[in-house]
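Let me begin by presenting the structure, written as structure tokens, before commenting on it.
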Amino acid sequence: MTPPRVPSEAELLDWFSSLSNWERFGAGDERGTLNLIDDAKRAEAARLARAGVAVSCAWEIDPLPAADHVFGSPERTMRGTGEDLPARPRYAGASERIGFVFHGYAITHLDSLAHYFWDGRMYGGKAASLVTKERGATENAVTAASAGIVTRGVLLDVASLRGVDWLEPGEGVFPEELEAAEARAGVRVGPGDAVLLRTGYGHKKRVRGPDRVQEVGRAGWHAACLPWLYARDVALIGADTAQDVHPCGYPSFRSPVHAIGIVAMGLWLLDNCDLEPLAKACARLGRFEFMLQVNPLRLTGATGSPVNPIALL
């Protein structure tokens, strides 16, 4: 197989202009590629829920310390429990306070268009300073998706395509593999779709435990996929990692899929999915397209949200 072409850093820098959607959807736009999902697209997606099979694509949020909790493990403080209850009154209840940083490498979450900046700007050319300490994201917040995201989802299983259990850290996925995975699955990615990339990390995590991602890197989308995603008018991408292959190989970037995808394209990202149950369901039913529903919390000024994406087949 001919090795894929690796674009130069100069090409990536040019993509901030050539792949830009800043003026495509009107002045002040905060939805970016979600504008590609219209009523007809949602109705198309709903028709894919033929078997009535529902599959979660999220990991549980577990307070136990783990290697990939780079911003600290989630914290749970119980404000009431079922332990040592008095005989009276007969009623009782439990509640808790939970806190965590959902960005990172462990929690399944949605990135809004306020999550990344380039040269002091975010999507639409808006000043990065519009994300403030006091009010959070005053523009491009996750509430731009407050009605939820419902669209056709497509699973591209590159780990299975390569015949491996999982891709190793530092292994990037290229457009040629996306098209080979399409052909293998009998699907074609089109406008308004959500594309979920399986690298097999969910399987690796179950077998070996989570990676220390900042030390060893991760598999994921190579930046070379960005023009392909732009040309196909993809509305949302997800992966079983935090999207970008790392190290990415470009001195000016740490995460070019985040930087160019979010800032220039207005592309919404679904990080750290658990795609193993979905891959098994798709294989069992013999189809790799489904209705995908992602409902972010309506968090005022937030740069994203923890989510539990549901695939309906």
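Points to keep in mind about this one:
- Counting charges near Ala106 (Lys, Arg +1; Asp, Glu -1) among other residues having Cβ under 10 Å from its Cβ returns a value of -2.
- Taking 0.36 nm per residue of sequence separation and removing the Cα-Cα distance, the Thr132/Ala27 pair yields an extension gain of 35.6 nm.
- Extent of the stretch 1-76 along its three principal axes (Cα atoms, max minus min coordinate, largest first): 44, 43, 38 Å.
- Helix 175-185 axis versus longest C-alpha principal axis of the chain: approximately 70°, rounded to the nearest ten.
- Max mean-square fluctuation residue, GNM over the chain, Cα-Cα springs under 10 Å, options Arg97, Arg184, Arg232: Arg97
- Between helix 276-285 and the chain: long-axis angle, C-alpha atoms, 0 to 90°, nearest 10: 70 degrees
- Anchor Lys204: lysines whose Cα lies under 25 Å away (excluding residues fewer than 8 positions away in-chain): Lys280
The numbers here are math on the coordinates, done by the rules we state, and not lab data. What you see is a predicted model, and the numbers here were worked out from it, not measured in a lab. When we count neighbours, we look across all protein chains shown, and the Cβ atoms used for this are built from the backbone with ideal geometry, even at glycine.
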